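This report concerns only the one structure given below.
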Amino acid sequence: MIGQQTDPAIVAEQTMLTFWLPERIDTLLCAHERRCQCSRSEVLRAILRQYLYGISGDPGEMPALSQPVVQVRRGEWGGRLPQLGKNAAQAKLMVPQRWSQDLAALGAEAGITRSHFAREVVVTALLGHAYLPARSRSSC
């Protein structure tokens, strides 16, 4: 789409999503980019979209998630995921506002920040659930 004009209405409905990824995930994303010949942003958007809305789900037709009123934190591990290295690689991409709101709602439901939740989604998509430590269940 190089050289095409961007619709201002589409840009207005977008927001910047920024989160940090562990070194090991950064390495896996680099390999994935080479294999599929697409950008890191495209890979991350595909992972987030599939997590949020499934393979064929349309976010425009789904009801919006309600925003839980809870105190969010960086997680029990301070935002780090054991055995994956330091969160050293910045992921910065434009996403629809709806995606950002839904990630925030799901993160708040889990008691963590939107950024930490997005990081967990990417780790799960690339490595599976076994790499995420169990969350302690606290009664709210």
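Since every read-out is calculated from the coordinates, none of them should be taken as a lab result. No experiment lies behind these values; they were computed from the predicted model shown. Neighbour counts run over all protein chains shown; Cβ positions are idealised from the backbone, glycine included.
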Segment residue 101-residue 83, extension gain: residue separation times 0.36 nm, minus the distance between their alpha carbons: 3.5 nm
Ranked 18, 113, 124, criterion: other C-beta atoms within 10 Å, fewest first: 18, 124, 113
Phi to ³J(HN,Hα) by Karplus 6.51 cos²θ - 1.76 cosθ + 1.60 over the stretch 89-99, Hz, x for Gly, Pro: 9, 7, 10, 9, 8, 7, 9, x, 4, 4, 4
Contour excess over end-to-end distance, with Cα ends at residue 18 and residue 41 and 0.36 nm allotted per residue: 7.2 nm
3J(HN,Hα) from dihedral phi, the stretch 14-27, Karplus parametrisation 6.51/-1.76/1.60, rounded to Hz, x for glycine, proline: 9, 9, 7, 10, 10, 8, 10, 10, x, 4, 5, 5, 4, 4
